[in-house]
Amino acid sequence: MNAQNTGDRGAREERQLVAQAKAGDYRAFEQLVQRHEGRLYALAMHMVRQREDAEDVVRTTFLNVIEHLATFREEASFATWVTRIAINNALKVLRKRRPGHFSLEEASLEETEGDIPHPEYIADWRGDPASLLEQQELRRVLEETIATLPEKLRLVFILRDVRGLSIRETADLLGISEANVKVRLLRARLLLREKLTRIFGEEKRRLSPHHDTSFHPSTMEAVAPGKEAGSRGRT
């Protein structure tokens, strides 16, 4: 059985579980929890970076699911729906943690494309973030590196590149413009590429970065993780 058939079967099974859970079958709901709790916990940890808060995000998310499952119209998949709930709950935790200071709203002049920093050097990687996350032995290093990003860059990177949301979806969830999502995403990629080059880059293939600080469309292709190529055009 190929991957597509397996995925189709999994989607059908999940729709059946959702229907059963809506009808009051608690065992079906437990299976939905088991399918998604690990993934949602990883997402929450990426965002809030504290175990207790991440656990609270997951608990609150499934309480929200219980409360609103009857009104879930299945216009999107259950996985997409529950992920959106978890993201919103994680953002609430961040706002409560620093009331009056946490803001993802439009920044001022610093949020411009002409102000993108260049890394000290770049190099060909032995892997990109999307593929490295699939390798257990490298996951810890990559997650720790992502955690060092400034918060507003880290959240955009997680939602767009790690979780695969579109530019528009990321902007809507964070309450910022699509242009700011693109700028922050590029900044995050540049910072990550520089940090990970030191770990995964091949010394003999290092390149000197261009010193022109203006933004060019080709810059995105040069520094973006490989996953972007597959999702280009999504808005």
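Values quoted throughout were computed directly from the atomic coordinates according to the rules given, and no laboratory measurement underlies them. It should be emphasised that the depicted structure is a prediction, and the values quoted were computed from it without experimental measurement. Neighbour counts are summed over all protein chains in view; Cβ atoms, including those assigned to glycine, are modelled from backbone coordinates with ideal geometry.
Rounded to the nearest 0.05, what FRET efficiency is calculated for residue 95 and residue 75 with R0 set to 30 Å and r the Cβ-Cβ distance?
So, using R0 = 30 Å, E works out to roughly 0.65.
Run the paramagnetic zone check for residue 15: 7 angstrom along Cα to Cβ, then residues of the range 52-94 with backbone nitrogen under 15 Å.
Under 15 Å, as judged by backbone N against the label point of residue 15, lie 73-80 of the range 52-94.
Kirkwood Rh over alpha-carbon pairs of the range 3-97, then Stokes-Einstein at 37 °C and 0.692 mPa s: what D in µm² s⁻¹, rounded to an integer?
The diffusion coefficient I find is 238 µm²/s.
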